[in-house]
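The values are calculated or read from the model by the stated rules, or taken from the named source; none is laboratory data. Just so you know, these numbers come straight off a predicted model, no measurement behind them. In this analysis, Cβ positions are derived from the backbone assuming ideal geometry, glycine residues included, and neighbour counts consider all displayed protein chains.
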Amino acid sequence: MKIKSILLVLSVAVFLFSCTEKQQVDQIIFAKGIYTMDSSNTVAECVAISGNEIVAVGSRSQIERQYKADTTFDFPDRYIYPGFVDAHCHFLAYGIDKAELDLKDAISFDDMVEKVTNYGAGRPGQIVIGRGWNEENWEMKTRPSNYKLNFLFPNTPVVLQRIDGHSVLANQAAFEMAGIDPNEKIEGGYIEMINGIPTGFLVDKAAERVLDALPQQTDAGLARALLDAQEDCFKVGLTTVSDAGLEVREIKIIDSLHRTGELKMRIYAMADPNRAELEAYCPDGPKVNDKLILRAVKLYCDGSLGSRSAWLKEAYCDDTTNQGLPQQEMSYYSEWATWCKDNGFQVNTHCIGDQANKELLSIYGEVLDGERGRRWRIEHAQVVDPADMSMFSEYDVIPSVQPTHAVSDMYMAKKCLCTDERMAGAYAYHDLLQETGLIALGTDFPVESIDPLGTFYSATLRSNEKRDIFRPDQKLDAISTIKGMTIDAAYANFMENEVGSLEPGKKADLVVLSTDLVQSRNRGEAKVLGTMSDAKWQYLSPAR
């Protein structure tokens, strides 16, 4: 009798369980592997979504037992990851650049001049604006001068921005447009002179003088650039971007496009340091909307290695009278850090050289005065003296780095720094991660490629397409790299409760890849097959 009673109870339990109503959700997505990037690095098979949020993540059997949906997507041989977060890029600038002359593939100075001439011929009388040249990619790796541009364009301003964005080559007409006297001293930058004659090469604050003199983009032009950039970002798996340096006017346009629904990309905005505009637009502190967060100020301490304006502790090996330079007095950074602390803003400072990193980390430590959790960031942290690296953890500062720089800069960095001792803290991503436990990864596009998978392979392989390897001891493992592109980047943006991992209650932002990224060992092996943002497919490849 006792056995019969037990069997009866079990039968009733099974019957009741089988009759339990499944929860209706909007859609269910299956895949061979779903890397959730939760705290346990769980790998699942299925995700259930309602509205724009994730309801549940688990095995196929678990989800099918508990949930039902009229819409399902099955990727039986594919892998899913949280939507990629680019922790440092120039989203709007990328869109603007698409409408201008692209000089990235110029193989020589003469090739660049030919491209400029052909471009200008199709736009007679218009200012010629180009970007992306890099003498390090030319056979003759010497810095160009403007003598040919002066001859070919005697009356038309020509402004050609170097790949790093920290210097320009400008002709005489551009000097006149900007009202620049070649003999004037410009704090935080310089005009290159040879034998008393300007070469047309201007660095940092001097370059800004020319760039600021260019015609201002219209609101319609900015809106078009944002939407163009969005389309390309979704195709490569990006669902959140951190735009490193925006005017308040530009942020307002982003906000308006979000409100109309045209702009779907989540944007973490780092505002240009304009106190009057920030105080007028944010009288109550940071602004946080569903897709736009404005709670950071972007500062620039120095320039770049490529322009030889990164601020180093010692002179450049290939420019022995030059250590680079800061763009402002140190009091400027202290004042801005204090304002940000008092008003609830994050400080994100561009620091390339070891002296720049030391100075700003010291200022952070002084202003924070032992307070932790502010998530202040050093952008790039490209050359850090190992003796100064402990300040990142001591002051609770996040290193925000771009692994593709290590790969594209490897030959130039050796020329600039030359000795093993000086190279010890260069592009030292593994050491920074060990020091801080968290590293935010980005691309810095359009300086580098927009593709976040390039970030992954550059971080994990530390090799370029020629398979030359740069500082392999500073490789990141696959999981740490994916975290840097998802949950850790989201944390650096104060967005970890909304995006960055695939967990219940978070936004349904995800990317479908052709292969298991964790097991991928060959650059270009993984392909983006689909990108979902807010539970809507923004991109689906026919190859899926």
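Consider segment 146-182. How many of its residues are touching a Ser or Thr at 6+ places or on another chain (Cβ under 7 Å) and more than 15 Å from Ala206 (Cβ to Cβ)? If you could, list the steps in order and put the result at the bottom.
Taking segment 146-182 first, the residues touching a Ser or Thr at 6+ places or on another chain (Cβ under 7 Å) are 146, 152, 162, 164, 166-167, 173.
Next, from what is left, pick out any that are more than 15 Å from Ala206 (Cβ to Cβ): 152, 173.
Count: 2.
Residues in segment 409-453 that are among the hydroxyl-bearing types (Ser, Thr, Tyr), surrounded by fewer than 23 Cβ atoms within 10 Å (Cβ to Cβ) and out of contact with any strand residue (DSSP E or B) (no Cβ under 7 Å at 6 or more places or on another chain): how many? Reasoning before the result, please.
Restricting attention to segment 409-453, the residues satisfying the condition of being among the hydroxyl-bearing types (Ser, Thr, Tyr) are 411, 419, 427, 429, 436, 443, 449.
Still in the running and surrounded by fewer than 23 Cβ atoms within 10 Å (Cβ to Cβ): 411, 419, 436, 449.
Of the ones still in play, those that are also out of contact with any strand residue (DSSP E or B) (no Cβ under 7 Å at 6 or more places or on another chain) are 411, 419, 449.
Residues in segment 409-453 being among the hydroxyl-bearing types (Ser, Thr, Tyr), surrounded by fewer than 23 Cβ atoms within 10 Å (Cβ to Cβ) and out of contact with any strand residue (DSSP E or B) (no Cβ under 7 Å at 6 or more places or on another chain): 3 in total.
If you go through segment 284-329, how many residues are surrounded by fewer than 18 Cβ atoms within 10 Å (Cβ to Cβ), in contact (Cβ under 8 Å) with a residue 60 or more places away in the chain and small (Gly, Ala, Ser)?
Residues flagged as surrounded by fewer than 18 Cβ atoms within 10 Å (Cβ to Cβ), in contact (Cβ under 8 Å) with a residue 60 or more places away in the chain and small (Gly, Ala, Ser) within segment 284-329 amount to 1.
Might you let me know whether segment 275-283 holds any residue that is modelled with pLDDT of 95 or more, within 22 Å of the chain's Cα centre (by Cα) and surrounded by fewer than 20 Cβ atoms within 10 Å (Cβ to Cβ)?
No: zero hits.
Across segment 361-406, which residue is nearest to Lys475 (Cα to Cα) among those that are assigned to a helix (DSSP H, G or I) and touching a Leu at 6+ places or on another chain (Cβ under 8 Å)? Even if it seems obvious, please write down each step before you answer.
Taking segment 361-406 and keeping what is assigned to a helix (DSSP H, G or I), we get 361-368, 386-388, 390-394, 403-406.
Next, only the ones that are touching a Leu at 6+ places or on another chain (Cβ under 8 Å) stay: 388, 391-392, 403.
On the way: Asp388: 20, Met391: 22, Phe392: 19, Pro403: 9 Å.
The residue in question is Pro403.
Out of curiosity, is Ser256 more than 30 Å from Ser167 (Cβ to Cβ) and either of a type in the set (S, T, N, Q) or under 16 Å from the mean Cα position of the chain (by Cα) (or both)?
Values: more than 30 Å from Ser167 (Cβ to Cβ): yes; either of a type in the set (S, T, N, Q) or under 16 Å from the mean Cα position of the chain (by Cα) (or both): yes.
It is true that Ser256 is more than 30 Å from Ser167 (Cβ to Cβ) and either of a type in the set (S, T, N, Q) or under 16 Å from the mean Cα position of the chain (by Cα) (or both).
Check off (1) surrounded by fewer than 19 Cβ atoms within 10 Å (Cβ to Cβ); (2) closer than 29 Å to Lys141 by Cα; (3) in contact (Cβ under 8 Å) with a residue 24 or more places away in the chain for Val116 and give me the number that stays unchecked.
Result: Val116 passes all but (1).
Being assigned to a loop (DSSP other than H, G, I, E, B) and over 20 Å from Phe234 (Cβ atoms): is that true of Phe445 here?
For Phe445, the condition - assigned to a loop (DSSP other than H, G, I, E, B) and over 20 Å from Phe234 (Cβ atoms) - is not met.
Which of the residues spanning segment 24-81 are in a helix (DSSP H, G or I) and either within 28 Å of Asp488 (Cβ to Cβ) or among the acidic types (Asp, Glu) (or both)?
Pass one, segment 24-81, residues in a helix (DSSP H, G or I): 60-66.
Of everything in segment 24-81, those that are in a helix (DSSP H, G or I) and either within 28 Å of Asp488 (Cβ to Cβ) or among the acidic types (Asp, Glu) (or both) turn out to be Gln62, Ile63, Glu64.
Within segment 468-482, can one find any residue that is in a helix (DSSP H, G or I), surrounded by 22 or more Cβ atoms within 10 Å (Cβ to Cβ) and among the charged types (D, E, K, R)?
no
Filter segment 254-301 for residues that are assigned to a helix (DSSP H, G or I) and of a type in the set (Gly, Ala, Ser); which is nearest to His90 (Cα to Cα)?
The selected residue is Ser256.
Could you look through segment 154-175, keep only residues that are in a strand (DSSP E or B) and not charged (D, E, K, R), and pick out the one that is surrounded by the most Cβ atoms within 10 Å (Cβ to Cβ)?
Ala170
Among the residues of segment 364-381, which ones are surrounded by fewer than 24 Cβ atoms within 10 Å (Cβ to Cβ) and more than 15 Å from Asn493 (Cα to Cα)?
Within segment 364-381, Gly365, Glu366, Val367, Leu368, Asp369, Gly370, Glu371, Arg372 qualify.
Name the residues in segment 334-360 that are of a type outside the set (Phe, Trp, Tyr), within 24 Å of Val288 (Cα to Cα) and not in a helix (DSSP H, G or I), would you? Let's see the steps before the verdict.
Of the residues in segment 334-360, the ones of a type outside the set (Phe, Trp, Tyr) are 334-335, 337-338, 340-344, 346-360.
Filter again for within 24 Å of Val288 (Cα to Cα), leaving 337-338, 340-344, 346-350.
Of everything in segment 334-360, those that are of a type outside the set (Phe, Trp, Tyr), within 24 Å of Val288 (Cα to Cα) and not in a helix (DSSP H, G or I) turn out to be Gly344, Gln346, Val347, Asn348, Thr349, His350.
Can you tell me which of Gly454, Gly442, Gly484, Gly437 is touching a Lys or Arg at 6+ places or on another chain (Cβ under 9 Å) and either over 22 Å from Ile352 (Cα atoms) or at pLDDT 95 or above (or both)?
Testing whether each residue is touching a Lys or Arg at 6+ places or on another chain (Cβ under 9 Å) and either over 22 Å from Ile352 (Cα atoms) or at pLDDT 95 or above (or both) leaves just Gly454.
Looking at Ala526, is it in the same structural domain as Tyr35 (by TED's automatic domain parsing), surrounded by fewer than 19 Cβ atoms within 10 Å (Cβ to Cβ) and assigned to a loop (DSSP other than H, G, I, E, B)?
no
Against the condition of a type in the set (Ser, Thr, Tyr), closer than 23 Å to Val367 by Cβ and in a strand (DSSP E or B), how does Ser331 come out, does it pass? Don't jump to the end; show me each part of the working.
On the way: of a type in the set (Ser, Thr, Tyr): yes; closer than 23 Å to Val367 by Cβ: yes; in a strand (DSSP E or B): no.
Taking the combined requirement at face value, the residue does not satisfy it.
Which count do you get for residues in segment 113-133 that are assigned to a loop (DSSP other than H, G, I, E, B) and at pLDDT below 95?
Matching residues across segment 113-133 total 5.
Could you check Arg123 against (1) free of Cβ contacts under 8 Å to residues at least 12 places away in the same chain; (2) at positive phi and say which number it fails?
Only one criterion is unmet by Arg123, namely (2).
Can you tell which of Gly125, Gly130 is farther than 26 Å from Arg143 by Cβ, over 17 Å from the mean Cα position of the chain (by Cα) and of a type in the set (Gly, Ala, Ser)?
Residue meeting the stated conditions: Gly125.
Answer with yes or no whether Thr199 is outside any helix (DSSP H, G or I), over 30 Å from Phe494 (Cβ atoms) and of a type in the set (Ser, Thr, Tyr).
When the stated conditions are applied, Thr199 passes them.
Out of (1) surrounded by 21 or more Cβ atoms within 10 Å (Cβ to Cβ); (2) touching a Phe, Trp or Tyr at 6+ places or on another chain (Cβ under 8 Å); (3) of a type in the set (S, T, N, Q), what's the single condition that is false for Ser463?
For Ser463, the failing item is (1).
Return the only residue of Ala220, Ala178, Ala213, Ala174 being within 27 Å of Ile251 (Cα to Cα), over 28 Å from the mean Cα position of the chain (by Cα) and modelled with pLDDT of 95 or more.
Working: Ala220 fails: over 28 Å from the mean Cα position of the chain (by Cα); Ala213 fails: over 28 Å from the mean Cα position of the chain (by Cα); Ala174 fails: within 27 Å of Ile251 (Cα to Cα).
After applying the criteria, what remains is Ala178.
Against the conditions (1) closer than 29 Å to Ile186 by Cβ; (2) surrounded by 15 or more Cβ atoms within 10 Å (Cβ to Cβ), where does Lys341 fall short? Just the number, please.
Result: Lys341 passes all but (1).
Starting from residues that are touching a strand residue (DSSP E or B) at 6+ places or on another chain (Cβ under 7 Å) and assigned to a helix (DSSP H, G or I), keep the ones in segment 489-510 and report whichever is farthest from Phe73 (Cα to Cα).
Filtering segment 489-510 for residues that are touching a strand residue (DSSP E or B) at 6+ places or on another chain (Cβ under 7 Å) and assigned to a helix (DSSP H, G or I), the one farthest from Phe73 (Cα to Cα) comes out as Ala492.
Whether any residue in segment 430-442 is assigned to a loop (DSSP other than H, G, I, E, B), under 26 Å from Leu226 (Cβ atoms) and in contact with a helix residue (DSSP H, G or I) (Cβ under 9 Å, 6 or more places away or on another chain) is what I want to check.
Scanning segment 430-442 turns up at least one residue that is assigned to a loop (DSSP other than H, G, I, E, B), under 26 Å from Leu226 (Cβ atoms) and in contact with a helix residue (DSSP H, G or I) (Cβ under 9 Å, 6 or more places away or on another chain).
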